[in-house]
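Below is one structure, written out as structure tokens; comments come after it.
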Amino acid sequence: MSAASRGLGPGATIGVLGGGQLGRMMAVVARQMGYRIIVLDPSPRCPTAQVSDGVVVGALDDVEAAKHLASQVDVITLDTEHVPAEVLSVLEAIVPVRPNAAVLRTIQDRLVQKQFLDRIGLPQAAWAPVDDVDAALAKVGRPAILKVRRAGYDGKGQVRIAPGDDAVALLGRLRGEPAVAEEVVGFTREISVILARGLDGQIQIYPVAENVHRHHILHTTRAPAPMPEARRRQAEAMAVSVAEALGHVGVMAVEMFELADGRLLINEIAPRTHNSGHYTYGACATSQFEQHIRAVCGVPLGDPRPLTGAVMVNLIGDLWGQAGQSGQGGTGGPGGQGSLGEQRPPAWGEVLARPEARLHLYGKDAPAPGRKMGHVLLLDDDTERALATAESLIAALRSRS
Ligand code: AMP
């Protein structure tokens, strides 16, 4: 049996491109399982480096730094899809890269991603490439959203065009970046399917998640999303089609819009662990992070079964108050970091006192509005109650920041 078909067992070293919170949670579970983790990131203090065995300091498009990482690891994976596919191609000659450059090439450019979805016959919002913005809007109608093709996330690199707007002027806000236009979908709900596809093609699917965004950033996830069985199956089947058509290896998230008539449209594909899958880390027998490690190492996937219902609420940098503001403020709890300077963490007392709550902080030392700093997971089979608790916790954290 070759080493590849046996898979990479604990003791192997995994390289991670990008050192954000996804890499951090991956590293925590990987090390728990006995794997070693080395991360490539521009910052030696990035969230992943803080919990890793090693760090290579360099930009994600720094081929020499990436090759240096590759020389020290048995397999490479990523915590962001914004690693140039050309860099992955170079690394593939040195060590297995999962997901591979071909998957990234399809996903990281919105235009190519949309062409891919059309090609495999999956439904999505009407769209058009923006060569001539008026022609694109004539195709998708107004209101519409213009999105940069590359490197946009959490609503960054997007502008909305209302019926009377000067589209050419608004397009200018994207600073000449190539873009696509999308119709604005009047969805009733957003959902996501998180699944893992192993090296052998085996697929494991997590309970469908229901997501609420605020200001384009994920606010809450509830899982399982209450939904008719047939629709759930359809959502799962769409996500499986995507993973299989791509030949993806690892965890993947497929975000969808649900329409009033029950139809589902794919909004976005992420070839990695995902914010809307954080609930699995605490609520499921195997978290998305462990599942991703298992998939990219080519060992059997774990059991995605939910052990409880759950709600996740993101902790955004806006909750970190400025010193001198009113309120009791941070008391040096788990988020307390001396380097915060003027900013201070919220008071975590109420979160920590709740038996169903799990606090995750990502070790970021520069809270900024819109920046994801952590999340709270509420483990509760009554997910309506958990959603209400999430809102009251956020309100309490905000009033005391
Ligand atoms: P994105 O970064 O493309 O996932 O967009 C972030 C959020 O913006 C989505 O989760 C939606 O809440 C909203 N959004 C994006 N595209 C559309 C669309 N075509 N129609 C309506 N809302 C959208």
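Projecting the Cα positions of Leu22, Val56, Leu111 onto the charge dipole of segment 1-117 (unit charges on Cβ atoms of Lys, Arg, Asp and Glu, taken about the Cα centre) puts Leu22 furthest along the positive direction. Calculated [222 nm] ellipticity per residue, helices only, for the chain: -8000 deg cm²/dmol; basis is -39500 (n - 2.57) per DSSP H run with n ≥ 4, divided by all residues, nearest 500.
Residues in segment 209-215 carry Karplus couplings, in order, of 9, 10, 10, 10, 9, 10, 6 Hz; the curve used is 6.51 cos²θ - 1.76 cosθ + 1.60 with θ = phi - 60°, and Gly or Pro positions show x. When only Cα pairs below 8 angstrom with a gap of at least 6 residues are kept, segment 96-183 shows a relative contact order of 33 percent.
Taking amide H atoms as placed 1.01 Å from N in the peptide plane, the amide H of Ile37 lies under 5 Å from those of Ile14, Asp53, Gly54, each 5 or more residues away in sequence or on another chain.
Extension gain for the segment Arg119 to Asp53, taken as residue separation times 0.36 nm less the Cα-Cα distance, is 19.6 nm to one decimal.
Ordering Ala101, Gln202, Ala144 by Cα displacement along the dipole of segment 71-219 toward the positive end leaves Ala144 in first place; charges were set at the Cβ atoms of Lys, Arg (+1) and Asp, Glu (-1). Think of segment 103-261 as having a plus end and a minus end, set by charges on the Cβ of Lys, Arg, Asp and Glu; of Leu259, Ala179, Ala237, Ala179 sits farthest toward the positive end of this dipole.
Remark on Gln124: its backbone amide H falls under 5 Å from those of Ile266, a criterion applied only to residues 5 or more positions apart or on other chains, H modelled at 1.01 Å from N.
In a reduced charge model with +1 at each Lys and Arg Cβ and -1 at each Asp and Glu Cβ, segment 104-234 shows a dipole moment near 340 debye about its Cα centre. Shown in residue order for segment 95-106 are the 3J(HN,Hα) couplings computed by the Karplus curve 6.51 cos²θ - 1.76 cosθ + 1.60 at θ = phi - 60°: 7, x, 10, 9, x, 8, 4, 5, 4, 4, 4, 6 Hz (x for Gly and Pro). Look at the Cα gyration tensor of the chain: its axes a ≥ b ≥ c give a/c under 1.5, and that counts as rounded. Considering only Cα atoms, the convex hull volume of segment 1-106 works out to 88 Å³ per residue. Here the peptides 223-229, 68-74 are ranked by packing, the mean other Cβ count within 10 Å, and the order with the highest first is 68-74, 223-229.
Ordering of 249-260, 29-40 by packing is 249-260, 29-40, highest average first (other Cβ atoms within 10 Å, averaged per residue).
Database remark: amide H of Gly298 closer than 5 angstrom to the amide H of Leu8, Leu199 (H placed geometrically; neighbours at sequence offset of 5 or more, or on other chains; Pro and chain starts carry no H). Net charge dipole, the chain: roughly 420 debye, given to the nearest 20, about the Cα centre with Cβ charges of +1 for Lys and Arg and -1 for Asp and Glu.
Ranked by the mean number of other Cβ atoms within 10 Å of their residues, highest first, the peptides 168-174, 98-104, 81-87 come out as 98-104, 81-87, 168-174.
Look at the alpha carbon pairs under 8 Å that are at least 6 residues apart: their mean separation over the length of segment 41-90 gives a relative contact order of 31 percent. Measuring against 22 Å, Cα to Cα, the residue pairs Lys67/Lys156; Lys67/Lys364; Lys156/Lys372; Lys156/Lys364; Lys114/Lys139 contain Lys67/Lys156; Lys67/Lys364 as the ones spanning a longer distance. In order along segment 288-301, the Karplus-derived 3J(HN,Hα) couplings, from 6.51 cos²θ - 1.76 cosθ + 1.60 at θ = phi - 60°, round to 4, 6, 4, 4, 5, 4, 4, 5, 6, 8, x, 9, x, 5 Hz, and Gly and Pro are given as x. Summary value for the chain: 13 percent relative contact order, contacts being C-alpha pairs under 8 angstrom separated by 6+ residues. Heavy atoms of the protein chains alone define the surface here; on that basis the chain has 40 Å² accessible area per residue at 1.4 Å probe size. Given a 1.4 angstrom probe, I'd like the percentage of the accessible area of the chain that is carbon and sulfur, rounded to a whole number. Here carbon and sulfur together make up 50 percent of the probe-accessible area.
The values are calculated or read from the model by the stated rules, or taken from the named source; none is laboratory data. Not measured: the values here are computed from a predicted model. With ideal geometry, Cβ positions are generated from the backbone for all residues, glycine too; neighbour counts draw on all protein chains shown. Side chains are part of the model used for accessible areas, which takes the heavy atoms of the whole protein and leaves out ligands, DNA and RNA. Shrake-Rupley method; radii C 1.70, N 1.55, O 1.52, S 1.80 Å.
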